[in-house]
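The values are calculated or read from the model by the stated rules, or taken from the named source; none is laboratory data. These figures come from a predicted structure and were not determined experimentally. So basically every Cβ, Gly included, is an ideal-geometry build from the backbone, and we count neighbours across all protein chains shown.
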Amino acid sequence: MTDPTIPVTEDELHAYVDDELPAERRGDVESWLAAHPADAERVAAWRRMAEALHARYDAVANEPVPPRLDLELLDRKPRRWILGAAAASLAAFLAGGAAGWVAHGAASPPALLQNVTGEALDAHRLYVVDVRHPVEVPGDEKAHLQQWLTRRCGRTVQAPELEATGLKLVGGRLLPGPTGPASFLMYESASGERFTVYATKTAIEAAQMRYTTQDNAAALSWAERGVGYVVTGGTDRTRLTQVARLVYDQAERSGG
Amino acid sequence: MSAFRQSVEAMIPALRRYARALARDMDAADDLVQDTLVRALRSERLFLGGDIRSWLYTILTNLNKNRRRSLARRPLLMPLHDDNPDASGTEAEGRDIERALATLVEEQRAVLLLVVLEGMSYREVADIQGVPIGTVMSRLARARAHVRAVIEGERPALRRVK
């Protein structure tokens, strides 16, 4: 038995509401509440709060589970699903065009990838118009650039070879990303069109490739092995896909 | 399907409820649940018995913490006028509780939802958050006081405490 004359603490009031109070103390708390209307009102308010939470959110648990949370589906190819997520979506993108691809990847972009993409688009717009100082380290110092970015970003940064699509490395910059430093590489074709490759560590292990356009720029973003990549260029989708595919393949081969 | 998978699958509806209340945005919430499931399936062999339910809630809670960190730079936008006189009482009440949840500090929101909505014991929540029970209780007390103040239209305390 507990002593009913011991004042009831706030912790005990919470424990009472949450059924965490030792059974022998419940009676004491009830007598206390009968004698202390302010505490009784608090307890009543907490109970109403609980009811409101259940009224608002219990329905979510009764909704049909969306297909993308189907365990069989997530489970079918556990490793490939993780490592090949971006590759698979790129293939679907190439095969089906944007409309088909959007339907295919009907799930919303993970918020993290959205953030990374937003940063990359901002950086692209800011620096791509810069004629005199688009980069910090020029492309003819590629070895130094890669070393520097690798050291500062804490992961291997390799500037992909994009000559196959007629793009030459202009150089690179270090930028602040949403969760840490980001590497930013700029490429240019003979005709002056510019593409940028933005990459930063992210909490997403892997994410499907997604397409975004904003103003006059378009971006393909994905995540692989904890690094988020965004390739940004003009709105020519076929061209952007070509470039992104080269970046993707080389990142895959070098392991990040 | 293995017993492990069956247990995980049985938890999906409750995880979605928790994630929705925690993240507030339906798509972000299901992203959280999907990432939790992928992580759980990958770790099946690492899971050496114990409470699958607590374990899944732990993964989801941690993933949300990471997500919040990356959102921290985004301003929290709140509607200026969200009073709809035509709304039924339940709807208005649902909006009130949603709005109040949105103003809570992340850890406090998680404690409130785990205890009140998901029916977890203080001990389980302490394990999920990796803190002593005393910390769980003080977070719970602050969450309740804050939500009550918001719902009752008082000016919420501006102090940000653990």
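Here are a few things to note about the model shown:
- Per-region count, the stretch A:155-197, residues more than 14 Å from chain B (Cβ to nearest Cβ), touching a residue at least 60 places away in the same chain (Cβ under 8 Å) and among the aliphatic types (A, V, I, L, M): 3
- Selection status of residue A:56, part of a helix (DSSP H, G or I), under 24 Å from residue B:117 (Cβ atoms) and facing chain B (nearest Cβ under 8 Å): yes
- Within the stretch B:29-38, the residues that satisfy the criterion of being within 7 Å of chain A (Cβ to nearest Cβ) and either under 15 Å from residue B:113 (Cβ atoms) or not hydrophobic (A, V, I, L, M, F, W, C) (or both) are B:30, B:31, B:33, B:34.
- Look at (1) under 30 Å from residue B:99 (Cβ atoms); (2) in the same structural domain as residue A:207 (by TED's automatic domain parsing); (3) at pLDDT 85 or above and you find that residue A:55 fails only one, number (2).
- Matching residues, the stretch B:1-22, being more than 7 Å from chain A (Cβ to nearest Cβ), in a helix (DSSP H, G or I) and without any contact (Cβ under 8 Å) to a residue 60 or more places away in the chain: B:3, B:4, B:6, B:7, B:10, B:11, B:15, B:19
- Residues that are not small (Gly, Ala, Ser) and not in a strand (DSSP E or B), drawn from the stretch A:173-192: A:178, A:179
- Residue within the stretch A:138-148 that is modelled with pLDDT under 95, of a type outside the set (Gly, Ala, Ser), in the same structural domain as residue A:239 (by TED's automatic domain parsing) and assigned to a loop (DSSP other than H, G, I, E, B) present: no
- Qualifying residue in the stretch A:156-169 (condition: surrounded by fewer than 19 Cβ atoms within 10 Å (Cβ to Cβ) and over 25 Å from residue A:212 (Cα atoms)): yes
- Candidates A:172, A:177 - the one that is over 23 Å from residue A:242 (Cβ atoms) and surrounded by 21 or more Cβ atoms within 10 Å (Cβ to Cβ): A:177
- Within the stretch B:2-20, the set of residues being among the aliphatic types (A, V, I, L, M), under 19 Å from residue B:113 (Cβ atoms) and buried (at least 24 other Cβ atoms within 10 Å of the Cβ) comprises B:15, B:19.
Yes/no matrix, rows are residues, columns are (1) of a type in the set (Phe, Trp, Tyr); (2) crowded, with 19+ Cβ neighbours inside 10 Å; (3) away from chain A (no Cβ under 12 Å):
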site	(1), (2), (3)
B:24	no, no, no
B:40	no, yes, no
B:52	no, no, yes
B:58	no, no, yes
B:61	no, yes, yes
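- Every test in (1) at pLDDT 85 or above; (2) in a helix (DSSP H, G or I) is passed by residue A:134 save one, and that test is (2).
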